[in-house]
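The values are calculated or read from the model by the stated rules, or taken from the named source; none is laboratory data. Everything quoted here is computed from the prediction, not taken from an experiment. All Cβ positions, glycine included, derive from the backbone under ideal geometry; neighbour counts span all protein chains shown.
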Amino acid sequence: MMLRRSLALAALLLLPTLAHAQDPAANPDGRVAPKSAWLTLSAAQREQVFRFSDPYKDYLRHAKSAALSARELSHLAAAAGFQDFTSPAQVKPGARLILSNRGRATLYAVIGSNPIASGSRMVAAHQDSPHINLKSRPVLNAPGSVAILKTIPYGGLKRYQWANLPLALVGHIDTVDGRHLEINIGFHPGDPVFVIPDAAPHSDKLLRTRTYTEVLGGEEMTPVVGSIPGEKDTVADEVMALLRSRYKIHDEDLVAAELELVPATQPADVGFDLGLTGSWGQDDKLSAYTATRALLDLKGTPGKTAFAYITNFEEVGSDNNTGAGSDFLDSAFTALLDAQSQAASGKPASALDVRNAQAATLVLSADTNDGVNPIFPGNSEASNSAIVGYGVTIKKYGAGFDPNSEFTARVLHLLDANSIPWQTQTPRVDVGGGGTIGGFLSQRNMEVLDIGIPLLSMHATYEMSSKVDLWEYYRFMSAFYTID
Ligand SMILES: [Zn+2]
């Protein structure tokens, strides 16, 4: 979910906060009392909840960038019988197809028994997460006889959290002489890590008047990457010489690179009861994984074509050609519709056919949201804030995600019919908010509802999600893919 620092919200509709429609323990005011989703589980379901979190954590261990997430999800899809879309002849009922956009965004499709023109079901999510990018000429000498990296933050991160944290470097370099070098340093035993050094409390008096958001300035997000001098002028020169020789690169190759610093930490269970999953990148690799997993696990041929659309660049506004604002989705729809139209009538799909098919698409725009924080509960407005462990979230009144009430009612019916606990979320007026990719899909005249599950420490270097919410989210998406 993209951070919006100031958002004026004009209207606030107080919906009843339902935690479980099948458990109507009414409050005196007539509302259904919120209830932890954990309390709705049978013993067998509880076991499924814990089991479901294991492959999710496995995915998180590998999905350290949007491209690495795309690769991991495509591996899972291939193992589930999906094939790269290369020919119109593949577009037959029951076909399981992968439409990749440059290895950074992907449309996964299970072709339904009815033509796509009759409507389709889509769960859309993003697989990028807040991180730190390297500048084009990244290695610099710094006072204290060290080499540092010059960086630029990606997404709405709180800079102070990134100091004194072991950082890994992931991504790739495309060299001018035509090689593609994968870089992944910091996650393997024996790997070095990179660290942004904070000031010692012994000597930081000059810094103590800085406010919360200025604890590290934008140009101070500079991890140490070398300290041994040599024959060259500076430590930075030594580090660059080392990189040139190790990777056989020239300095300009670092301009044609996508290199990201991410926490060199791995997922773990949080709490004595193991109820939470902790990891960097859960916004929104959590939704990307769940949307894809639920599609891969679809059995047989659905009536309507089901899509998982997993995008990039959401945290910076869904720009660029692999973001949700890209025409890729329109091209993909056109290619699939064209294949079905040619097979049925020998004619290509018209532009109007494509638009009509998009208008008949029902979309869950899935993205994690902020949960009630135990230390700062006043940041949320209690009647419409989401609680970790209380089920999936129906989001209203963020930037660009106001659903039609008819569609919302249809989705709520689906939740209730499947006994999936749900709650609502609308940010406290005047304190914040966020955007998702939902707006880019409703611009295409699709029917879109924004959903999520709550996180603690959202957009932090280590975020927490509830395992029961993750599992209910999966059940929600699974049910949605097959609605008539
Ligand atoms: Zn986000």
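Computed values, structure above
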quantity	calculated
Segment 178-204 residues that are without any contact (Cβ under 8 Å) to a residue 60 or more places away in the chain, paired with ones that are of a type in the set (D, E, K, R) (beta carbon under 6 Å, 6 or more apart)	His180/Asp174; Ile185/Asp191
Subset tally (residues that are touching a Phe, Trp or Tyr at 6+ places or on another chain (Cβ under 7 Å) and over 20 Å from Lys299 (Cα atoms)) for segment 57-85	2
Close pairs (9 angstrom Cβ cut-off, 6 or more residues apart or separate chains): touching a residue at least 24 places away in the same chain (Cβ under 8 Å) in segment 129-148, within 16 Å of the ligand (Cβ to nearest atom) and among the β-branched types (Val, Ile, Thr) anywhere	Ser129/Val262; Pro130/Thr461; His131/Val262; Ile132/Val262
Which listed residue, of Leu295, Leu329, Leu336, Leu274, is touching a residue at least 40 places away in the same chain (Cβ under 8 Å), crowded, with 24+ Cβ neighbours inside 10 Å, farther than 20 Å from Ala80 by Cβ and among the hydrophobic types (A, V, I, L, M, F, W, C)	Leu329
Residue check, Val225 within 14 Å of Asn141 (Cα to Cα), surrounded by 14 or more Cβ atoms within 10 Å (Cβ to Cβ) and in the same structural domain as Ala199 (by TED's automatic domain parsing)	yes
Meets criteria (under 27 Å from the mean Cα position of the chain (by Cα), at positive phi, touching a residue at least 24 places away in the same chain (Cβ under 8 Å) and more than 16 Å from the ligand (Cβ to nearest atom)) for Gly119	yes
Residue match in segment 361-375 (condition: free of Cβ contacts under 8 Å to residues at least 60 places away in the same chain, in the same structural domain as Arg444 (by TED's automatic domain parsing) and under 23 Å from the mean Cα position of the chain (by Cα))	no
Every residue from segment 105-116 that is among the hydrophobic types (A, V, I, L, M, F, W, C) and either without any contact (Cβ under 8 Å) to a residue 12 or more places away in the chain or within 28 Å of Met458 (Cα to Cα) (or both)	Ala105, Leu107
Residue satisfying condition, being more than 27 Å from Tyr154 (Cα to Cα) and surrounded by fewer than 24 Cβ atoms within 10 Å (Cβ to Cβ), within set His413, His459	His413
Single unsatisfied condition, Ala409 versus (1) over 23 Å from the mean Cα position of the chain (by Cα); (2) modelled with pLDDT of 95 or more; (3) in a loop (DSSP other than H, G, I, E, B)	(3)
Residue in segment 80-88 that is assigned by TED's automatic domain parsing to the domain that holds Ala66, over 30 Å from Arg244 (Cα atoms) and within 16 Å of the ligand (Cβ to nearest atom) present	no
Residue identified as out of contact with any Ser or Thr (no Cβ under 6 Å at 6 or more places or on another chain), at pLDDT 95 or above and within 13 Å of the ligand (Cβ to nearest atom) among Thr290, Thr311	Thr311
Candidate set from segment 356-404 (those that are part of a strand (DSSP E or B) and charged (D, E, K, R)); member that is farthest from the ligand (Cβ to nearest atom)	Lys395
Subset of segment 202-217 that is loosely packed, with under 15 Cβ neighbours inside 10 Å and under 18 Å from Pro143 (Cα atoms) - its residue that is nearest to the chain's Cα centre (by Cα)	Gly217
Some residue of segment 150-161 being assigned to a strand (DSSP E or B), within 16 Å of the ligand (Cβ to nearest atom) and assigned by TED's automatic domain parsing to the domain that holds Glu238	yes
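Conditions tested, residue by residue: (1) hydroxyl-bearing (Ser, Thr, Tyr); (2) at negative phi; (3) free of Cβ contacts under 8 Å to residues at least 12 places away in the same chain; (4) not in a loop (DSSP other than H, G, I, E, B).
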residue: Asp416; (1), (2), (3), (4): no, yes, no, yes
residue: Gly439; (1), (2), (3), (4): no, yes, no, yes
residue: Asn445; (1), (2), (3), (4): no, no, no, no
residue: Thr461; (1), (2), (3), (4): yes, yes, no, no
residue: Leu470; (1), (2), (3), (4): no, yes, no, yes
